[in-house]
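Report on the following structure.
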Amino acid sequence: MDERIIKSLRDAKRVVVLTGAGVSAESGLPTFRDKQTGLWETFKAEDLATPSAFERDPALVWGWYESRRAAVRAAKPNAGHLAIAAMGDRVPRLTLITQNVDDLHERAGSRAVLHLHGELARPYCEACRRPYVFPDGIPQLPRGGARIEPPRCDTCGARIRPGVVWFGESLPGPTWAAAREAAKDCDVLICAGTSSLVYPAASLPEIAIAAGATTLQINPNPTDLDGSVSVAIRGPSGSVLPQLLAETWDVVSSSGGADYEAVRT
Ligand code: OAD
């Protein structure tokens with residue numbers, strides 16, 4: 001592991017961790033843009049993840065998000081999620097910012113997670129914006145198809161919509177403001193499991209770099225950030241993050257940690 005990162009982490013007062021779909025890949029949840037397996041490789045985003053798609057075919061869109069919610073319910077946090085939660089107990093201030101709409105960070109023990117793209121578990125009324133509370137239990141999926149009519153708001157009767165940010169929509173204002181502020185003020189930013197292609201989330205590492213932070217990227221594949229971060233480690237976050245935790249704070253790692261390489265130091 002790169003000594004500069006270890007020393008920076010040990011000395012850091014403020015750390016930001018920015019995660020994307022790759023961090024949940026080892027829990028069995030698909031990413032968006034990985035070849036063959038990515039959601040946007042198999043589905044058309046414009047049919048499922050835009051306000052006009054929901055307007056056109058609410059049952060198709062609601063059913064798709066319900067099937068993703070069912071997959072998240074069946075998944076468990078992996079060693080990467082757990083390592084981030086453990087880091088939160090060791091640095092004076094850790095801000096966890098995620099683009100993920102699952103709750104695996106919370107289930108791993110992280111608190112006050114900033115969900116830039118919303119959460120599957122927090123749908124709300126499309127008219128009055130009151131939150132909708134799902135009935136307890138596993139999402140009920142119909143056999144032989146994924147169409148489900150969205151429920152109606154108890155208060156105003158309008159349709160309930162998924163609690164995620166769609167293409168063309170703004171990020172939740174206070175969440176975005178807190179994320180920007182944390183990136184501007186951090187000593188170390190770790191960017192894990194994201195292609196860094198979707199803005200404005202992808203501007204957070206750029207903000208941290210411009211402010212002079214030490215930056216680390218963890219990803220098994222190259223990204224456009226490779227050339228600008230302090231260190232890019234090629235490997236899966238479920239191995240690299242526990243190894244980083246182990247080497248920085250002498251925590252016993254559950255992973256062998258050998259399946260990564262530093263491509264830029
Ligand atoms: P992407 O699918 O664009 O990128 C996932 C990244 O994870 C890729 O760079 C992979 O190489 C990497 N990856 C795969 N397996 C990994 C592993 N085991 N460990 C670490 N990294 C791994 O997903 P995001 O960057 O999260 O937005 O996508 C950003 C946004 O685009 C999503 O939040 C979603 C999507 O449209 C909305 O739905 C609003």
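Candidate cross-link partners of Lys184 among the aspartates and glutamates, defined by an alpha-carbon separation under 16 Å and a same-chain spacing of 8 or more, comprise Glu206. For region 112-219, carbon and sulfur atoms together expose 52% of the accessible surface, with a 1.4 angstrom probe and every protein chain in place. The simple spin-label model puts a point 7 Å past each Cα toward its Cβ; for Asn221 and Lys35 those points are separated by 0.8 nm. Using a probe radius of 1.4 angstrom, the carbon and sulfur fraction of the accessible surface of region 1-101 is 50%. Model label sites at Val198 and Trp249, defined 7 Å from Cα along the beta-carbon direction, differ in position by 2.9 nm. From its DSSP helices (H runs of at least four residues, each -39,500 (n - 2.57)), the chain gives a residue-normalised ellipticity at 222 nm of -9500 deg cm²/dmol.
Available extension along the chain between Ala59 and Asp154 is 32.3 nm, counting 0.36 nm per residue and deducting the alpha carbon span.
Taking Rh as the Kirkwood radius, which is the inverse of the mean 1/r over Cα pairs, what is the Rg/Rh value for region 120-242? Rg/Rh for region 120-242 comes to 1.10. Taking only protein heavy atoms and a 1.4 Å probe, what accessible area per residue, in Å², does the chain have with all protein chains in place? Normalised by residue count, the accessible surface of the chain is 48 Å².
The calculated pair-distance distribution of the chain uses every alpha carbon pair, bins of 5 angstrom beginning at 0, and gives 1, 6, 12, 17, 19, 16, 11, 8, 5, 3, 1, 0 percent. Take the Cα of Asp185, step 7 Å toward its Cβ, do the same at Ile138, and the gap between the two points is 4.4 nm.
Among the helices of the chain, those built from whole DSSP H runs whose Cα atoms reach 15 Å or more along their own axis and whose mean Kyte-Doolittle hydropathy is at least -1.0 are 58-74, 173-184, 237-249. Size check on region 41-169: the Cα extents along the three principal axes, sorted descending, read 47, 33, 30 Å.
Take the Cα of Thr42, go 7 Å toward its beta carbon, and the backbone nitrogen atoms of region 53-77 under 15 Å from that spot belong to 64-72.
Can you grab the distance from the C-alpha centre of region 221-253 to the C-alpha centre of region 98-171, Å, no decimals? Region 221-253 and region 98-171 have Cα centres spaced 31 Å from each other.
The values are calculated or read from the model by the stated rules, or taken from the named source; none is laboratory data. Note that the structure is a prediction, hence the values are computed from the model and not measured. Positions of Cβ are backbone-derived with ideal geometry, glycine not excepted, and every protein chain shown enters the neighbour counts. To get the accessible areas, we keep the full protein, side chains included, count just its heavy atoms, and leave off ligands, DNA and RNA. Shrake-Rupley method; radii C 1.70, N 1.55, O 1.52, S 1.80 Å.
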